[in-house]
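Please read the structure below before turning to the comments.
The values are calculated or read from the model by the stated rules, or taken from the named source; none is laboratory data. Treat the numbers as computed from the prediction; the structure is a model and nothing was measured. In this analysis, Cβ positions are derived from the backbone assuming ideal geometry, glycine residues included, and neighbour counts consider all displayed protein chains. Accessible surface is based on the protein model in full, side chains and every heavy atom, while ligands, DNA and RNA are left aside. Shrake-Rupley method; radii C 1.70, N 1.55, O 1.52, S 1.80 Å.
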Amino acid sequence: MNAIQFPLTRVAIGLTFGILFARYCPLLPMYSLLLLSVLLLLFISLFYSVKKRPKLQFWFGLSVFLLSIGCGISSYVLDRESNHPNHYLHQLNTPTRLDETDLVLREKLKSTAQNLRFLAEVKYLNHEHCIGKVLIQFDKNDFAKTPLFVGRQMRIVAAVKTKQPPANPSGFDYWKYLEQKNIYGQIFAKSQNTQLQTQPLRDLRYYADQLRLRAMNELQKSGINVQVAQVLAALTVGQQQEIAPEIINDYQSAGAVHILSVSGLHVGFIVLFLNFILKFLPKNRKTRWLKLSITLLSLWGFALLAGLSASVIRSVTMYSFVAVGLYLKRRTNIFHTLLVSLMLILLVSPSLLFDVGLQLSYTALFFILWLQPVFDDFYTPQNKLIKYIWQIITVSLAAQIGTLPLSLYYFHQFPGLFLLTNLLVLPLIGLIMAVGVPLMMSAALGWVPQIGLTLITLLTQTLNSIVKTIASAQSFVLKNIPFNFWMLLTVYILIVCCVIALKKRQIRQLKWVFACILLVQLSIAISLGYAQQKRVWLILHQKKASVIINQYGRKIDVYCQGKISEAVIQNYATNEFIQQVNNHPIQPLARFKNYKIAVVDASNAFSKNIPADIFFLCNGPKINLDRILQDQHPKMIVADGSNYPSTVERWEISCQKQKIPFHYTGKKGFFELSD
């Protein structure tokens, strides 16, 4: 049976459409529930009518599709915690006043150079009960001796920072990323404004974190190598917060960074390992249910050990359904099983549809199941060793083909040695998971066997060495590849048509392949044509530096002063299909269309004889802004991150008095003039 013919396929498509609609055309919860009620009544009426009048079968199918869209809309709207009347967003003080927040830490995140980061749940805000998640940044110096763990309860008196626009164009929109996870605020905690409670919130997450902490403490006491412990924690329990940046860079360059985050790959190895050790059981109905029970208990036990993070729960849920399908001998309906798990995940947490991890996991698994058998049809080795190597190659190739467009769209790079990486790394990952997970479990119970410690150290150091060697071949890593949404869409259409042509092996299928190639070329031509016509003038936000970008077509002039982030310029150039970047020092006067822009900084003297429409203040110029506003009457004042915040506040007050627009990049993000 073709996967698209499954009834649940159309339901899943409708559910996806509904979530997308709710994301980009938001409705109030009342209206979404009203729409769902109408569609449900339509479905019920047609369900009973179609038995008497079979001609209504088409309309009944349409009602099912519409109902799935309604479910997608309602699930997304209701999942948005900000829609709840008791959400802390509706109780915040003005930005100039402090809020008293009672909260509990729920998840440890990757730390920065200055701060420890946790995800927390808000219980009370200004003594009023509320709900919602918030990101907490703890100063490392202030909390160096303070134990911070999941379940720790505290009261913080500080301003809750809410959504801010992107600081720079084409960069990572951090607040958008947080909102997808229902996180709408951020708090910076200091020891003097934080009151810790002695009693933690003892729930499942607390005990899972304590179990993991105990395992890591026991491993550290056993004298395990620091780098080995960091990589082992990432591979087995999903804790990559303490991995050194240079190790992460090596894994990124080698195209193996995905293995540092617990995902379907790791859970899949656990399923394969369980299948291997349970082979001794006789094959009958009772033992099949016993195998299924052991597998499910092991998977969810691993999820508990890994801290019940969203990515782990997602992967374990997916493979739980796959395990059910396999143990019930429903191999022909593996796509059906995959769809059921995806629908359950989206119904419970619809915002995960926009999670890169979920997209990559399900796309990789789908293409492995769909495309890898095609490779096996072309060549099936008889030798066991060659067959094993061929399976690794074909599985890696199928997964890479399926996820390549997504990787280019999100990360704009392609590791040319991915086949070599997977060929060498995947067997090691399987061994590390087989040894590491039982070792972590025994460490959590207070016992670290020396043979397991020696073996895991050898395996992990070998893995790090292989990755470092492959990463050193920088010429094979293609970076900064321009790739937009329309190219993503057309390339996926081309890949699907190519796979169908390979499966059917009919000449007439080639016309669709050639048509898709033309479609991809058209999307590239349109993207390049649009970039060629673009004309924009930008002031970016940089701390202790000033950057101006003047784009004309596929070329940009970058005017800068101070130490700037090259990554910001490179991201912009990649996303805008830029061919040429020219660097210049900042000039005192600039023009864009009909605008005259005066650049005023500490190094040049301001001349009031030069009229300007926009004044750009940077690097803390010593000027009397009130006098400039009275004499020049500019249309706007712009200040960037190179100025002192206190000076910017004073300038903003001066502009408010004169009723002249004021744009501070630290608050409003980058400043843009365009056609």
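Between 0 and 90 degrees, the angle of helix 226-237 with respect to the longest Cα principal axis of the chain falls at about 60 degrees. Helix 285-305 and the longest principal axis of the Cα set of the chain meet at an angle near 20°. Relative protection proxy for 465-474, 205-214, from highest mean packing down: 205-214, 465-474 (other beta-carbon atoms within 10 angstrom). Round to a whole number: what % of the accessible area of the chain belongs to carbon and sulfur, probe 1.4 Å? Taking all protein chains in place, the chain shows 62 percent carbon and sulfur surface.
Pairs from the table (Lys140/Lys479; Lys108/Lys133; Lys133/Lys221; Lys108/Lys181) lying more than 24 angstrom apart at Cα are Lys140/Lys479; Lys133/Lys221. Once the Cβ-Cβ distance of Gln192 and Asp377 is raised to the sixth power relative to R0 = 51 Å, the FRET efficiency obtained is 0.15.
Work out the charge dipole of the chain with +1 on the Cβ of Lys and Arg and -1 on the Cβ of Asp and Glu about the Cα centre, then indicate which of Gln658, Gly669, Phe321 is farthest towards its positive end. Final value for the positive-end residue is Phe321. A simple packing score, the average count of other Cβ atoms within 10 Å per residue, orders the peptides 407-417, 67-77, 392-402 as 67-77, 392-402, 407-417, with the highest score first.
For Lys279, the lysines whose Cα falls under 23 Å of its own Cα, not counting residues fewer than eight places away in the same chain, are Lys291, Lys329, Lys384, Lys387. Each Cα pair under 8 Å and six or more residues apart adds its separation to the average, and for segment 53-132 the resulting relative contact order is 25 percent. The angle separating the long axis of helix 310-327 from the principal Cα axis of greatest extent in the chain is about 20 degrees. The string of couplings for segment 359-367 from the Karplus curve (6.51, -1.76, 1.60, θ = phi - 60°) is 4, 5, 5, 6, 5, 4, 5, 4, 6 Hz, one whole number per residue in order, with x for Gly and Pro.
With contacts taken as Cα pairs under 8 Å at a separation of at least 6 residues, segment 457-538 carries a relative contact order of 28 percent. Taking a Cβ cut-off of under 12 Å around Glu128, the surrounding Lys, Arg, Asp and Glu residues balance to a net charge of -2, with basic ones at +1 and acidic ones at -1.
Taking all Cα pairs closer than 8 Å and separated by 6 or more residues, the relative contact order of the chain comes to 11 percent. Excluding ligands, DNA and RNA, the accessible surface per residue across the chain is 52 Å² with a 1.4 Å probe.
Shape class of segment 173-252 from the Cα gyration tensor (axes a ≥ b ≥ c, square roots of the eigenvalues): oblate, since a/c reaches 1.5 or more and a/b does not exceed b/c. One Cα centroid belongs to segment 204-248, the other to segment 144-177; the line between them spans 23 Å. Each label point was placed 7 Å from the Cα along the Cα-to-Cβ direction; for Ser646 and Leu489 their separation is 5.3 nm. Helix-only arithmetic for the chain: the sum of -39500 (n - 2.57) across DSSP H runs with n ≥ 4, divided by the residue total, places the mean residue ellipticity at 222 nm at -17500 deg cm²/dmol.
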